[in-house]
Amino acid sequence: MKTLSRKPHLILWIVAIILFLILLPKGSKTLDIQLHDTYFVFSFLQYAGILSLFLILQGVVYRLVINRKLINWMTVVHVVGTCLLVSIFVINLAIQDNNYYLPSSPSLALGVLLFLILQLLYIANITIALIKKR
């Protein structure tokens, strides 16, 4: 727990590397996401790169504000929740044999909503840490 609240950047960087390595062998496969009448098509390599870059950038921001007083519970909830949600989605994609088709569903919407709430918590935590005096 101490590592998670004091060095959240390390956890995010490790998870980013692991998830990239999990999706790397599926580079030529595609991920098709249907939202209403629109399809978004990504190769797994693009998806792995974007996802890893997102987690690495969050880790960089945590590293930059490491000397500020972050709110511990917000940090822990954000890091654990984000890593869990992303890992569940990536592992689900990794076990598929063929191209993966993702239709819109209530569980997908709930996952995206929870992910967005976790990112708002992250923004609030960083903002409070920057505003608050040491």
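The values are calculated or read from the model by the stated rules, or taken from the named source; none is laboratory data. Only a predicted model underlies this, so the values are computations on that prediction, with no experimental measurement involved. Ideal geometry is used to build each Cβ from the backbone, glycine not excepted, and the neighbour counts take in all protein chains shown.
Figures for the structure shown
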item: Filter pass, Ile56 being surrounded by 13 or more Cβ atoms within 10 Å (Cβ to Cβ), outside any strand (DSSP E or B) and either free of Cβ contacts under 8 Å to residues at least 40 places away in the same chain or touching a helix residue (DSSP H, G or I) at 6+ places or on another chain (Cβ under 6 Å) (or both); result: yes
item: Residue in the stretch 33-48 that is charged (D, E, K, R) and in a strand (DSSP E or B) present; result: no
item: Ser43 being polar (S, T, N, Q), touching a strand residue (DSSP E or B) at 6+ places or on another chain (Cβ under 7 Å) and at pLDDT 80 or above; result: yes
item: Count of the stretch 60-82 residues which are over 15 Å from Thr127 (Cα atoms) and surrounded by 21 or more Cβ atoms within 10 Å (Cβ to Cβ); result: 2
item: Val80 vs. criteria in contact with a helix residue (DSSP H, G or I) (Cβ under 6 Å, 6 or more places away or on another chain) and either modelled with pLDDT of 85 or more or farther than 20 Å from Pro8 by Cα (or both); result: no
item: From the options Leu120, Leu55, Leu23, residue that is over 17 Å from Leu4 (Cα atoms) and at pLDDT 90 or above; result: Leu120
item: Only listed residue being closer than 27 Å to Pro106 by Cβ and more than 15 Å from the chain's Cα centre (by Cα), chosen from Leu31, Leu4; result: Leu31
item: The stretch 90-117: number of residues that are modelled with pLDDT under 80 and either under 20 Å from Val60 (Cβ atoms) or hydrophobic (A, V, I, L, M, F, W, C) (or both); result: 8
item: Residues of the stretch 10-39 satisfying the condition of being in contact (Cβ under 8 Å) with a residue 60 or more places away in the chain and more than 19 Å from Ile56 (Cβ to Cβ); result: Lys26, Lys29, Thr30, Leu31, Asp32, Ile33, Gln34, Leu35, His36
